[in-house]
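Here, each number is a calculation from the coordinates, and none is a lab measurement. As the structure is a prediction and not an experimental result, all values here were calculated from the model. Heads up, the Cβs are rebuilt from the backbone with ideal geometry, glycines too, and the neighbour counts pull from every protein chain shown.
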Amino acid sequence: MKLNEHARFSTICIHAGQEPDPATGAIITPIYQTSTYVQEGLGQHKGYEYGRTQNPTRMTLERNVAAIEGGTAAFAFASGMAAIDAILTRLEAGDHVLVSDNTYGGTFRLFEKVRRKFGLDFSYVDTSNLDLIGPAITPKTKYLFIETPTNPMLSVTDLPAASAIAHERGVRVVVDNTFASPYLQRPLALGADLVVHSTTKFLNGHSDSVGGIVILKHDDDVEWMRFVQNAAGAILGPMDSWLILRGTKTLTVRMEKTNENGLALAQFLDAHPKVKKTIYPGLPSHPHHALAARQMRGFGGLISFDLGSLEAARTLLGRVRLMALAESLGGVETLISHPAMMTHGSVPPERRAALGITDGLVRVSVGIEDIDDLKEDLAQALDAVKG
Ligand SMILES: *Cc1c(COP(=O)(O)O)cnc(C)c1O
């Protein structure tokens, strides 16, 4: 179980950060469901003092994901939002963050409704258009916060080029890598300084846990994040840490199948007469297809498609049998949703229109079921849509 320095991705996913349990030899890190640790004498302990500060299951997950993303350290939080909020604690009142427009709705809400009150400033540009980034950076800008691909328009930002623009101006780059997963894209190797995930999605992959993680490469960031994880205390619990550790072991095979099913289903939708438009970075019609092919290992499991009207979308969503109507993504089961009324319901209609989130838009998070069952399900549901 010793990893070579040149161990490859799937081997790292399965083994990195994990030793057989020192007490029993258990190959799987146990769920250390404990709040405290007995000390042998005053000032004598085994490196574990209190459950918020240290937990062996959580720390194993943190070592594992740090290696998967190619960072020096990782810190796990109670949700993706808690992880993003922890990153903001590095900043001070008056600082500015430049954010990808069309960012995850919860991120927008945290920035605008919570952190703005504490003196942070945020502005939003389409980071897939590199020309817009430089002029939007001010002397107060500390982070360029990128989401790629975005939800639900699947717009892709060139990470090496965007990072170079930010770094020239002394700005650190944060990437929310939730939608891609580290199998498709490793932002730290592409120039980013900090990576954040909602582990709720592809990293856990089984729709049975909510969590978040921050992966870092600069020592000053690592020191602060270690401090603030304990000081603010939004830690991930041992049970969830264990579930995600189990999830990362199968990340490679799940993502390979996700890529395969994603492309096949996108091609099926693209060819279907009742579908007005299919948005998937793997289709040559996607405006960022070439960039996605260069930057990502496969095109992932998120597909958006337009049926032209709310009525058509409602019919389809009422007819699918295998696909579950639900928010979230990245699980082994296929989920289908209506961005305008679900994930983006709180976005004002004019802003939705500007982003291209029409009432006929439907989003699928493709799971790893048999592709023929997925196609059959969509085909019979599309039959009911008035053409
Ligand atoms: C789900 C999600 C989040 C928030 O994560 P939670 O675990 O739900 O708090 C942040 N960013 C993206 C891109 C997401 O999909």
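The table for this structure:
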quantity	calculated
Using θ = phi - 60° and Karplus 6.51 cos²θ - 1.76 cosθ + 1.60, couplings along the stretch 367-374 (whole Hz; Gly, Pro as x)	x, 10, 5, 5, 4, 5, 5, 5
Between 0 and 90°, nearest 10: helix 56-69 axis offset from the chain longest Cα axis	50
Residue-by-residue Karplus 3J(HN,Hα) for the stretch 145-154, coefficients 6.51, -1.76, 1.60, Hz, glycine and proline x	9, 10, 10, 7, x, 8, 10, x, 7, 6
C-alpha long axis of helix 310-319 to longest principal axis of the chain, angle in °	70
Efficiency of FRET between ALA231 and GLN33 - r from beta-carbon atoms, R0 30 angstrom, step 0.05	0.85
Under DSSP loop assignment and at most 11 Cβ neighbours within 10 Å, longest GluC sites (Glu not before Pro)-free interval of the chain	93-387
FRET efficiency estimate (nearest 0.05) - Cβ-Cβ, ALA384 to LYS117, R0 51 angstrom	0.60
Under 16 Å from LYS386, Cα to Cα: aspartates and glutamates that are on another chain or at least 8 residues apart	ASP306, GLU311, ASP359
Stretchable slack from ALA354 to LYS277, in nm (0.36 nm times residue separation minus alpha-carbon distance)	26.1 nm
In nm, spacing of pseudo-spin labels at GLU260 and HIS218 (7 Å Cα→C-beta vector)	4.2
Separation of alpha-carbon centers, the stretch 131-182 and the stretch 256-284, rounded to whole Å	26
Cα Rg, Dmax (largest Cα-Cα span) when computed across the stretch 252-383, Å	14.0, 40
Antiparallel bridge percentage (DSSP; both residues within the chain; nearest 5)	55
Rounded, prolate or oblate (a/c below 1.5 giving rounded, otherwise prolate when a/b exceeds b/c) for the stretch 9-249 by Cα gyration tensor	prolate
Gain in span if fully extended, GLN44 to LEU130, counting 0.36 nm per residue against the direct Cα distance	25.5 nm
Simple spin-label estimate for MET342 and SER285 in nanometres, 7 Å along Cα-Cβ	2.2
Of all DSSP beta bridges in the stretch 252-383, antiparallel share, percent nearest 5	85
Cβ-Cβ FRET estimate between ALA293 and VAL332, R0 fixed at 25 Å, reported to 0.05	0.45
Net +/- balance of residues flanking LEU3 in space, Cβ distance below 13 Å, scoring K and R +1, D and E -1	+1
Built amide H within the under 5 Å cut-off of VAL173, gap 5+	LEU144, ASP193, LEU194
Computed helical MRE - 222 nm, the chain, DSSP H runs ≥ 4 contributing -39500 (n - 2.57), nearest 500	-10500 deg cm²/dmol
Candidate lysines - alpha carbon under 29 Å from LYS46, same-chain residues fewer than 8 apart omitted	LYS2, LYS217, LYS249
For the chain: relative contact order, % (alpha-carbon pairs under 8 angstrom, 6 or more apart)	16
Full-extension gain in nm, LEU310 to SER10, via 0.36 nm per residue minus C-alpha separation	103.8 nm
